[in-house]
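K.L.:
Have a look at this one before I ask anything.
None of the figures in this text is laboratory data; all of them are computed from the coordinates on show. Owing to the predicted nature of the structure, the values given are computational and were not obtained by experimental measurement. Every residue, glycine as well, gets a Cβ built from its backbone with ideal geometry; the counts of neighbours run over all protein chains shown.
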Amino acid sequence: MDWWSLGTLLYEMMAGLPPFYDTNVEVMYEKILTAELRFPRHFLPETRSLLTGMLTRQVDRRLGYRGAGKHQQSERSNHRAGNPTSCAAYGLWMIVLQQGATSCVCPVS
């Protein structure tokens, strides 16, 4: 599982555009490398937390980096919403974790 790509996909599904979108491709690439992650107002705190974790540039600090096995209980519980239906991303994240997905892509940091 490529956690960064999943994070960008979730963001785009909920916002309508990718997280670092710009009409100028060069500017968009620069934003991907350096810009602060910004969220639309309608994103819930749980959604922001989840996506911030998945879109962390430092690979070894990224949510999901150590895999999605049962040993990741603390990582999961840090992103648990009070009401699971209050965060669309939370539901998808739980499905991914319950499937025992592991990252097949190990990006170079």
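K.L.:
Which ³J(HN,Hα) values in Hz, rounded to whole numbers, follow from the phi angles of the range 47-63 under the Karplus curve 6.51 cos²θ - 1.76 cosθ + 1.60, where θ = phi - 60° and Gly and Pro get x?
P.N.:
Here the 3J(HN,Hα) series is 5, 4, 5, 4, 5, 4, x, 6, 9, 6, 5, 6, 3, 6, 10, 6, 4 Hz.
K.L.:
Which whole-Hz couplings ³J(HN,Hα) result when phi for each residue of the range 22-37 is put into the Karplus expression 6.51 cos²θ - 1.76 cosθ + 1.60, θ = phi - 60°, listed in order with x for Gly and Pro?
P.N.:
Each residue's phi maps through the Karplus curve to give 8, 5, 8, 4, 4, 5, 4, 4, 5, 4, 4, 7, 10, 6, 5, 6 Hz.
K.L.:
Roughly speaking, what is the stretch gain from Arg57 to His42, that is 0.36 nm per residue apart minus the C-alpha to C-alpha distance, in nm to one decimal?
P.N.:
3.0 nm
K.L.:
If Lys and Arg each add +1 and Asp and Glu each add -1, what is the summed charge of the other residues whose beta carbon sits under 11 Å from the beta carbon of Asp22?
P.N.:
After counting each charged neighbour, the total is -1.
K.L.:
Counting other Cβ atoms within 10 Å, which chymotrypsin sites (Phe, Trp or Tyr not before Pro) in the range 1-61 have at most 15 and lie in a DSSP loop?
P.N.:
The qualifying sites are Tyr21.
K.L.:
Sticking with this structure for a sec: Could you sort 48-60, 30-42 so that the peptide with the highest average Cβ count within 10 Å comes first and the rest follow in order?
P.N.:
Per-residue Cβ counts within 10 Å, averaged per peptide and sorted highest first, yield 48-60, 30-42.
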